[in-house]
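Working notes, structure below.
The values are calculated or read from the model by the stated rules, or taken from the named source; none is laboratory data. If you're wondering where the values come from, they're calculated on a predicted model, not measured in any experiment. Because the Cβ atoms are built from the backbone with ideal geometry, glycine has one as well, and the counts that use them run over all protein chains shown.
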Amino acid sequence: MRMRLPLQGGLPPVEAPSGAVEIACDESGFSGTNLLDPATPVISHASVDLGADEAAGLVATLRSGFRFAPHEFKSRQFLRRPEAAEALRWFLAALRGRAHVHLVDKHLFLVTRVVDLLLAEPSYLAGTGLAGEHRADAVALHRAGRAAGPDWDAFLAALVEMLRTKRRDRAGDGSVDRFFAARDALLRHAPDEPVLRALDRSRVAAVQARLYAEDRSVPPPLEPMLPALAETVLFWSAGRRRVLVVHDEQSALTADRLRRLQRALAERAGLPAGESPLAGLVMTDSRDDPRVQVADLLAGIARRTPTAIDDAPLQPPLSPISPHTGRTCP
């Protein structure tokens, strides 16, 4: 039997928060800072409001008609079954009103980095609906860029290279120069694009210097899990409820990052830090928690067949753009 390593990350509350809703979460499509992997263009972050017994019963009902692994099952196997369509309808109906999915188009997420990180003051709410004053600019740049073909791909690749913080030789690596060369090439396709025009070399270099100096007040630029988690918490905290998150182990969700997100959400809501919508986050192993297994299955289904969840209440109303249609999600 393989020994399990201790779970990493999380921010468990000091004491159980009174009146908080407890949700279980998992993701599908997360590929670390490799946001240009064509095999996984979308990340889905799913959450469910289920008790452990309810989730276990749901899993048992699904497993009774399918031959899955003894401890958990994955969406890939689930969707390949001949009976998948019927089982999927039953599964989504069982979750009606008890689940939420947030979809992240990785390319659009990178565009929010350009607007929220390189033009505005970096914040832990960047890339979320709470930074909505910049969302229209990001969507406009995304649409203009997709029409530019290879120069758009080169621009995004240069952006990722420039924002990577784990580099051996950080000083004078030329990544800012390459980014602006890619920006200039993109301007030939969209000469009046305002975001591209507004980029300033000295400001961009200053932001990169803060990243290389490990300035923790700047959110990790290539980690979409943080804004995805923020959107999930905002959905479930409607009505000013506090949210305790139970999450499958996720290396991006460190205690320091979660504390900063916690404070940012509290400040935006005008609440004391101790009353943040994010009450805490507890890491778990999906093999031990049927609620996380359900969230994992839902996340995988949403990523592979996003149209299956486009109607209420499983639609992702906070997702900025549909990765498959280019439409703003309803």
Selection from the stretch 117-148 of residues that are aliphatic (A, V, I, L, M) and either more than 20 Å from residue 259 (Cα to Cα) or not assigned by TED's automatic domain parsing to the domain that holds residue 197 (or both): 118, 119, 120, 136, 138, 139, 140, 141, 144, 147, 148
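Residue-wise test of (1) assigned to a helix (DSSP H, G or I); (2) within 17 Å of residue 141 (Cα to Cα); (3) outside the structural domain of residue 117 (by TED's automatic domain parsing).
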{"site": "177", "(1), (2), (3)": "yes, no, no"}
{"site": "184", "(1), (2), (3)": "yes, yes, no"}
{"site": "190", "(1), (2), (3)": "no, yes, no"}
{"site": "196", "(1), (2), (3)": "yes, yes, no"}
{"site": "206", "(1), (2), (3)": "yes, no, no"}
{"site": "217", "(1), (2), (3)": "no, no, yes"}
Residue hits (the stretch 217-228; surrounded by 13 or more Cβ atoms within 10 Å (Cβ to Cβ) and either more than 19 Å from residue 34 (Cβ to Cβ) or free of Cβ contacts under 8 Å to residues at least 12 places away in the same chain (or both)) are 218
Name the residues in the stretch 219-246 that are of a type in the set (A, V, I, L, M, F, W, C) and outside any helix (DSSP H, G or I), would you? 222, 238, 243, 244, 245, 246
Starting from the stretch 48-73, take each residue that is charged (D, E, K, R) and list its partners that are assigned to a loop (DSSP other than H, G, I, E, B) and modelled with pLDDT of 90 or more, counting only C-beta distances under 7 angstrom and pairs at least six apart or across chains. 49/98
Lone qualifier among 93, 85, 126 - being surrounded by 14 or more Cβ atoms within 10 Å (Cβ to Cβ) and modelled with pLDDT of 75 or more: 126
Any chance residue 51 is in contact with a Pro (Cβ under 9 Å, 6 or more places away or on another chain), among the small types (Gly, Ala, Ser) and not assigned by TED's automatic domain parsing to the domain that holds residue 141: no
Across the stretch 22-39, which residue is surrounded by the fewest Cβ atoms within 10 Å (Cβ to Cβ) among those that are part of a loop (DSSP other than H, G, I, E, B) and of a type in the set (A, V, I, L, M, F, W, C)? 39
Contact list please: Cβ distance under 6 Å, first residue in the stretch 251-279 and more than 14 Å from residue 233 (Cβ to Cβ), second residue among the acidic types (Asp, Glu) and surrounded by 14 or more Cβ atoms within 10 Å (Cβ to Cβ), pairs at least six apart or on different chains. 252/223
Checklist (1) farther than 23 Å from residue 31 by Cβ; (2) modelled with pLDDT under 90 applied to residue 285, failing item: (1)
